[in-house]
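Enquirer: I have a structure I would like to understand better, so I am pasting it below and will then ask my questions one at a time.
The values are calculated or read from the model by the stated rules, or taken from the named source; none is laboratory data. Source: prediction; values computed, not measured. Heads up, the Cβs are rebuilt from the backbone with ideal geometry, glycines too, and the neighbour counts pull from every protein chain shown.
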Ligand code: PGA
């Protein structure tokens, strides 16, 4: 059976004490999380709390991801966190999120470089596109369709539209696992995960509430 990906993008939130509170709440459901079948849960916290999440989930079925990585290998790139460093803590990385494209000027060329670095060190990129004609770098297996109008607005795309966009993206490579992201909640998650062509969800705002994120996992 294909995996169903449920990704929490915590964005630029949580200091250490807030991360501890999130974990404390989330881990109340530890037993339930052991029986989630084909669901692959991926939590993407900030770099500053990543070690804390890692110490909690190392060796469990909960996977970790990061929200960014350097397009360069290790070396003289002040301020960057590179794929080799990330690999100690995480198996996934979000690449091409619209917030990075728009606020930090990330270009298709930079995203190709980031993808290459992730793959070099065995980190799986979750590559975000905002429509079905964005270029997708070679080696990508997971693509997240995230229309701008749906991000953080409470105004999700329709499952029907997500299905059609996913079908268009899959004309480039039918092996892509396509996720949907944009205002996913515990209430609407199953309308996406039950849709043809959609293999999971990327959750922003709703994942900041651990109880809501648990509901998303269970309802997906
Ligand atoms: P949202 O964000 O769930 O808050 O809309 C999704 C995302 O940006 O990945």
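Enquirer: Is it the case that the stretch 157-175 has a residue that's within 20 Å of residue 11 (Cα to Cα) and within 11 Å of the ligand (Cβ to nearest atom)?
Expert: Within the stretch 157-175 (the criterion being within 20 Å of residue 11 (Cα to Cα) and within 11 Å of the ligand (Cβ to nearest atom)), the answer is no, since none of the residues qualifies.
Enquirer: Conditions: (1) over 16 Å from the mean Cα position of the chain (by Cα); (2) within 23 Å of residue 142 (Cα to Cα). Residue 56 meets all but one. Number of the miss?
Expert: (2)
Enquirer: Let me ask another. Name the pairs whose Cβ atoms lie under 7 Å apart, with the first residue in the stretch 146-167 and farther than 15 Å from residue 197 by Cβ and part of a helix (DSSP H, G or I), the second at pLDDT 95 or above and more than 10 Å from the ligand (Cβ to nearest atom), and 6 or more positions between them or separate chains?
Expert: 148/130; 150/157
Enquirer: Is it the case that residue 122 is away from the ligand (no atom under 16 Å from the Cβ) and under 17 Å from the mean Cα position of the chain (by Cα)? Talk me through it step by step, then tell me what you get.
Expert: On the way: away from the ligand (no atom under 16 Å from the Cβ): yes; under 17 Å from the mean Cα position of the chain (by Cα): yes.
When the stated conditions are applied, residue 122 passes them.
Enquirer: Same structure, new question: For residue 133, only one of the following conditions fails: (1) surrounded by fewer than 16 Cβ atoms within 10 Å (Cβ to Cβ); (2) assigned to a helix (DSSP H, G or I). What is its number?
Expert: Unmet for residue 133, out of (1) surrounded by fewer than 16 Cβ atoms within 10 Å (Cβ to Cβ); (2) assigned to a helix (DSSP H, G or I): (2).
Enquirer: I'd like the full set of residues that are touching a helix residue (DSSP H, G or I) at 6+ places or on another chain (Cβ under 7 Å) and either within 16 Å of the ligand (Cβ to nearest atom) or farther than 15 Å from residue 69 by Cβ (or both), limited to the stretch 99-119. If you could, list the steps in order and put the result at the bottom.
Expert: Initially, the stretch 99-119 is screened for residues touching a helix residue (DSSP H, G or I) at 6+ places or on another chain (Cβ under 7 Å), giving 106, 117-118.
Passing the criteria: only 106.
Enquirer: Let me ask something else about it. Consider residue 146 carefully, then state whether it is over 18 Å from residue 200 (Cβ atoms), buried (at least 20 other Cβ atoms within 10 Å of the Cβ) and within 15 Å of the ligand (Cβ to nearest atom).
Expert: no
Enquirer: Condition (residue is surrounded by fewer than 17 Cβ atoms within 10 Å (Cβ to Cβ) and within 29 Å of residue 71 (Cα to Cα)) applied to the stretch 185-207: is it met by at least one residue?
Expert: No; the residues of the stretch 185-207 include none that is surrounded by fewer than 17 Cβ atoms within 10 Å (Cβ to Cβ) and within 29 Å of residue 71 (Cα to Cα).
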